[in-house]
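Okay, structure first, notes after.
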Amino acid sequence: MTAATGLLGPVTALAWREIVRFLRERHRVFGALAQPLLTWALLAAGLRGSFRLPSAPDGMSYGTYFFPGTLALIVLFTAIFSTISLIEDRREGFLQGVIAAPIPRASIAAGKVLGGASLAFAQAILVLPLAPIAGIRLTPSMVLAVVPVIAWTAVTLTAFSFCIAWRMESTQGFHAIMTVVLMPLWLLSGALFPASGAAPWLRLVMAINPLTYGVAILRRALDPGSTAAVVGLPGILPSWAVMIAFGMVSCGLAAILARSPGRNP
């Protein structure tokens, strides 16, 4: 048996378990989809009359502006809900059993990330056809441009969430980290408001935030060329470079953590 074969089997099994487990818990499915969509609907309706982008094409509504950020939020929420199960696996003893099994430790991280990322990708793609409601006319080329960035963002955020959940001993602790790290990661990504109108110190924070570049790619893909200059989006190549680096670092760190279980695995 080759090393690749020895890794593929456990990864596939763990990923499939994650998908089945998620789908069986309907409240998690509902929460991962309903909360971002409800946020989009309420903010789009509430800020419809007050949101204005200088020189924006056709007086862009807030619903149109916020839609790419909603897709990113769906990916983030699903990543959070998927990786929080890692804490439950530790408490129930399943994680200890997997660690003791004669399989590569990296397969634990790879399986969890693959399963969570698959769910995040699928849910975001299911919401994508709602783009016309937000005033975005989807074309085949737009869909082809959106799919890879959603897929990579799903992998990146799931791996990043895995790194946080791996060291957590309680779901309460994970929720606390989510509040001060994961949600601000999204809030300061340009999903809610453009960096061009923010205070200078906030623009700096947004420029440092790697998710800013993922949302920028999504926004360019869903509205190619028309709002890039207006909202001050970073270039497509630098954005992809940052997201690829963010994803590789997150996945690499997840694999390293899986090799060193730490306390009370």
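Summarise the accessible area of the stretch 113-224 (1.4 Å probe, protein heavy atoms) by the percent that is carbon and sulfur.
On the way: 3470 of 4610 Å².
Here it works out to 75 percent.
For an R0 of 25 angstrom, estimate the FRET efficiency from the Cβ-Cβ distance between residue 167 and residue 207 and round to the nearest 0.05.
Taking R0 as 25 Å, the efficiency between residue 167 and residue 207 is 0.35.
If packing is taken as the mean number of other Cβ atoms within 10 Å per residue, what is the order of 118-128, 8-18, 170-180, highest first?
For the peptides 118-128, 8-18, 170-180, the packing ranking is 118-128, 8-18, 170-180.
Multiply the residue separation of residue 248 and residue 26 by 0.36 nm, subtract the distance between their alpha-carbon atoms, and state the gained length in nm to one decimal.
On the way: separation 222, 0.36 × 222 = 79.92 nm, distance 3.13 nm.
Going from the current span to full extension adds 76.8 nm.
Calculate, for the stretch 60-191, the solvent-accessible area per residue in square angstrom, rolling a 1.4 angstrom probe over the heavy atoms of the protein chains.
Details: 4570 Å² over 132 residues.
I get 35 Å² per residue for the stretch 60-191.
The values are calculated or read from the model by the stated rules, or taken from the named source; none is laboratory data. In this text, all values refer to a predicted model and were calculated from it rather than measured experimentally. Positions of Cβ are backbone-derived with ideal geometry, glycine not excepted, and every protein chain shown enters the neighbour counts. For accessibility, only protein heavy atoms count, side chains too; no ligands or nucleic acids. Shrake-Rupley method; radii C 1.70, N 1.55, O 1.52, S 1.80 Å.
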